[in-house]
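Enquirer: Attaching a single structure in structure tokens format; questions to follow.
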Amino acid sequence: MKKYLAYCINIIDQQAWGEGWVLIVDFGGIGMQNVDFELTKFLVHSLKTYFPSGIAYAMCVDFPWVLRAFLNAIKGLIPANRRHLVKFTSRTETSNYIDNALLPDFMGGHCKQAYKGWDVVPYGCPQFADFCRFQLGLPPKSCQKAINIYLPMIE
């Protein structure tokens with residue numbers, strides 16, 4: 001997951017051509033069971049080490065009050081002179097920062113770019129089970145365990 005996240009950030013940073021980009025994190029519907037401090041630590045470290053001028057700001061949408069303690073820990077990882085780049089907003093106020101034409105429908109926008117379903121799957125992409133088994137070399141039991149994690153999102 002860390003490698004994939006770093007890859008995506010790198011692609012976005014290259015496409016921005018030094019103009020900066022916005023990281024939007026949608027916290028809608030999450031709770032303590034969804035917190036991955038290790039991944040968050042990796043993300044903050046990567047942004048500050050490898051993309052220090054790439055990110056224009058980070059927007060946290062619908063940040064739940066139950067995660068305030070988690071937020072204080074994350075703020076400690078962000079350099080003091082960059083903390084002002086983190087903005088907190090509600091889903092309905094997101095359009096104050098980003099034009100509705102650029103926001104997906106689940107954030108109240110009108111962007112037509114595909115972000116889910118078969119429209120975003122590249123041609124020739126292997127099935128997840130085949131990828132786990134043949135690309136990652138995982139045993140069938142581990143593949144099924146990984147599939148079970150993502151099954152609710154697929155359905």
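Enquirer: Determine which single condition W65 fails, assuming it passes every other condition in (1) aromatic (F, W, Y); (2) at pLDDT below 85; (3) in contact with a strand residue (DSSP E or B) (Cβ under 8 Å, 6 or more places away or on another chain).
Expert: (3)
So that you can scan it fast, the table gives a plain yes or no per residue for (1) assigned to a helix (DSSP H, G or I); (2) open to solvent by less than 100 Å² (accessible area, probe 1.4 Å); (3) over 21 Å from W21 (Cβ atoms):
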| residue | (1), (2), (3) |
| --- | --- |
| K112 | no, no, no |
| P126 | no, yes, yes |
| D130 | yes, yes, yes |
| K141 | yes, no, yes |
| Q144 | yes, yes, yes |
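Enquirer: Among the residues of the range 114-124, how many are open to solvent by less than 100 Å² (accessible area, probe 1.4 Å) and out of contact with any helix residue (DSSP H, G or I) (no Cβ under 7 Å at 6 or more places or on another chain)? If you could, list the steps in order and put the result at the bottom.
Expert: As a first pass, look at the range 114-124 and keep what is open to solvent by less than 100 Å² (accessible area, probe 1.4 Å): 114-115, 117, 120-122, 124.
Filter again for out of contact with any helix residue (DSSP H, G or I) (no Cβ under 7 Å at 6 or more places or on another chain), leaving 115, 117, 120-122, 124.
Total meeting the criteria: 6.
The values are calculated or read from the model by the stated rules, or taken from the named source; none is laboratory data. Predicted model, so just to flag it, every value in this text is computed and none were measured. Cβ atoms come from the backbone with ideal geometry, glycine included; neighbour counts cover every protein chain shown. These area figures cover heavy atoms from the full protein model, side chains too; ligands, DNA and RNA do not enter into them. Shrake-Rupley method; radii C 1.70, N 1.55, O 1.52, S 1.80 Å.
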